[in-house]
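The values are calculated or read from the model by the stated rules, or taken from the named source; none is laboratory data. Keep in mind that what you see is a predicted model, and the values were worked out from it rather than measured. Reconstructed Cβ throughout: ideal geometry from the backbone, glycine too, with neighbour counts over all protein chains shown.
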Amino acid sequence: MKKTQTKAFANLVASVIMLVFEIWAYIQTLSFKIVKKAAVQPATFPQIMCIGMIIFTVILLIQSVFKLMRANPDDPMMEAAASINILKNKGVQAGAFVIVLCLAYAALFEVLGYVLVSAIIAAIIMWLIGKRDVKQILLVSILVPLLMWFVFYKLLTVNIPMGVLQPLRTLVDMI
């Protein structure tokens with residue numbers, strides 16, 4: 001089997017692509033506004049996340065290079081890589097569907113608001129991963145976004161868009 005058809009080579013390609021994306025993301029954080037007299041800046045957490053991802057991606061890159069250099073046929077990483085053809089691979093189809101859901105989430109966030117769009121997307125993803133208890137899906141997908149919104153809005157004073165549920169904010173402000 002050719003080295004270019006192995007899992008190790010697939011990891012090498014994926015790590016290079018991810019490294020480019022992670023470096024781009026880190027560079028984007030450099031343009032965040034600086035808040036005077038604040039110990040933690042808006043860019044701090046995203047920068048820490050980017051650096052962490054870069055570290056692990058470099059580790060994957062180095063591992064992949066060593067695996068390809070040794071090319072031990074008994075190594076599981078030298079087995080044939082799975083197809084990424086969206087028509088053949090169910091895992092790739094599920095991943096593509098989640099990407100579409102994320103794009104829909106971003107597109108609907110301002111219009112529907114955080115709570116409603118999060119509840120809808122959470123319910124769809126729970127169904128996708130195999131949860132079939134409708135009561136559990138409804139409870140989790142509604143209560144978790146509501147609780148998260150409440151924590152961010154009331155405790156952390158972060159203004160999150162409410163969309164069509166704007167009257168809920170007015171109700172909570174009365175508390």
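What the table shows:
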quantity: Flag for residue 45 being in the same structural domain as residue 9 (by TED's automatic domain parsing), farther than 30 Å from residue 162 by Cβ, in a helix (DSSP H, G or I) and among the aromatic types (Phe, Trp, Tyr); calculated: no
quantity: Yes/no for residue 63 being polar (S, T, N, Q), closer than 30 Å to residue 1 by Cα and not assigned by TED's automatic domain parsing to the domain that holds residue 11; calculated: no
quantity: Filter pass, residue 93 being surrounded by 15 or more Cβ atoms within 10 Å (Cβ to Cβ) and not hydrophobic (A, V, I, L, M, F, W, C); calculated: no
quantity: Counted residues, segment 48-74 - those being in a loop (DSSP other than H, G, I, E, B) and without any contact (Cβ under 8 Å) to a residue 12 or more places away in the chain; calculated: 3
quantity: Failed criterion for residue 43 (all others in (1) under 26 Å from residue 13 (Cβ atoms); (2) in contact (Cβ under 8 Å) with a residue 12 or more places away in the chain hold); calculated: (1)
quantity: Selection status of residue 56, outside the structural domain of residue 128 (by TED's automatic domain parsing), under 23 Å from the mean Cα position of the chain (by Cα) and within 30 Å of residue 142 (Cβ to Cβ); calculated: no
